[in-house]
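**Student:** Starting off with a structure, shown below.
The values are calculated or read from the model by the stated rules, or taken from the named source; none is laboratory data. Note that the coordinates shown come from a computational prediction; the quantities given were computed from them, not determined experimentally. Here the Cβ positions follow ideal geometry from the backbone for every residue, glycine too, while neighbour counts run over all protein chains shown. Calculation scope for accessible area: heavy atoms of the full protein, side chains included, ligands and nucleic acids excluded. Shrake-Rupley method; radii C 1.70, N 1.55, O 1.52, S 1.80 Å.
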Amino acid sequence: MSAFENISLRTLKNIQETSYRNVCVANKIYQMEPTIENLINRAKIKKQCWLLTSSLEDYLRANQQDNTNIFCVCEIIKLFVVLHRTDEAVPFYRKYEDKLPHTDEQLNRCLKLLE
């Protein structure tokens, strides 16, 4: 059974419109103030809206600016796995392996897929 099976068309359209607005607002905020925080926020919003490749690009850009942000590193690895880009995920994981938290369940599931 689909998660959206019992949702009305009107509700789905409202979700779609809200997602579109959220991405537009995040884009405008980053355009007006291109900080790493705004870039990461835009990446989060894109991920929530299923714009996974675009989200990954933003996280990668943020990682280039600050490679000490472990949240960013975790999200990059998750997105590499979800997008079936394991050839990129493995070396990226190895680079940060000793710094990653072991409490992130989603990350742990992704790492198992890389084994």
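**Student:** Looking at segment 65-84, I want the residues that are closer than 20 Å to T35 by Cα and touching a residue at least 40 places away in the same chain (Cβ under 8 Å) and have a partner that is β-branched (V, I, T) and open to solvent by less than 10 Å² (accessible area, probe 1.4 Å) with Cβ atoms under 9 Å, at least 6 apart or on another chain. Which pairs are those?
**Tutor:** Every condition considered, no pair remains.
**Student:** Return the pairs, sorted by first residue and then second, in which the second residue is loosely packed, with under 11 Cβ neighbours inside 10 Å and at pLDDT below 90, the first residue lies in segment 93-105 and is within 19 Å of L60 (Cα to Cα), the beta carbons are less than 9 Å apart, and the residues are 6+ apart or on different chains.
**Tutor:** none
**Student:** Which of the following residues is open to solvent by 80 Å² or more (accessible area, probe 1.4 Å), over 21 Å from L114 (Cα atoms) and part of a helix (DSSP H, G or I): K95, K44? Before you say what the answer is, go through the steps one by one.
**Tutor:** Values: K95 fails: over 21 Å from L114 (Cα atoms).
Answer to the check: K44.
**Student:** Turning to a different aspect of this structure: (1) open to solvent by less than 80 Å² (accessible area, probe 1.4 Å); (2) more than 19 Å from K44 (Cα to Cα); (3) of a type outside the set (S, T, N, Q): which one isn't true of C74, the others all being true?
**Tutor:** (2)
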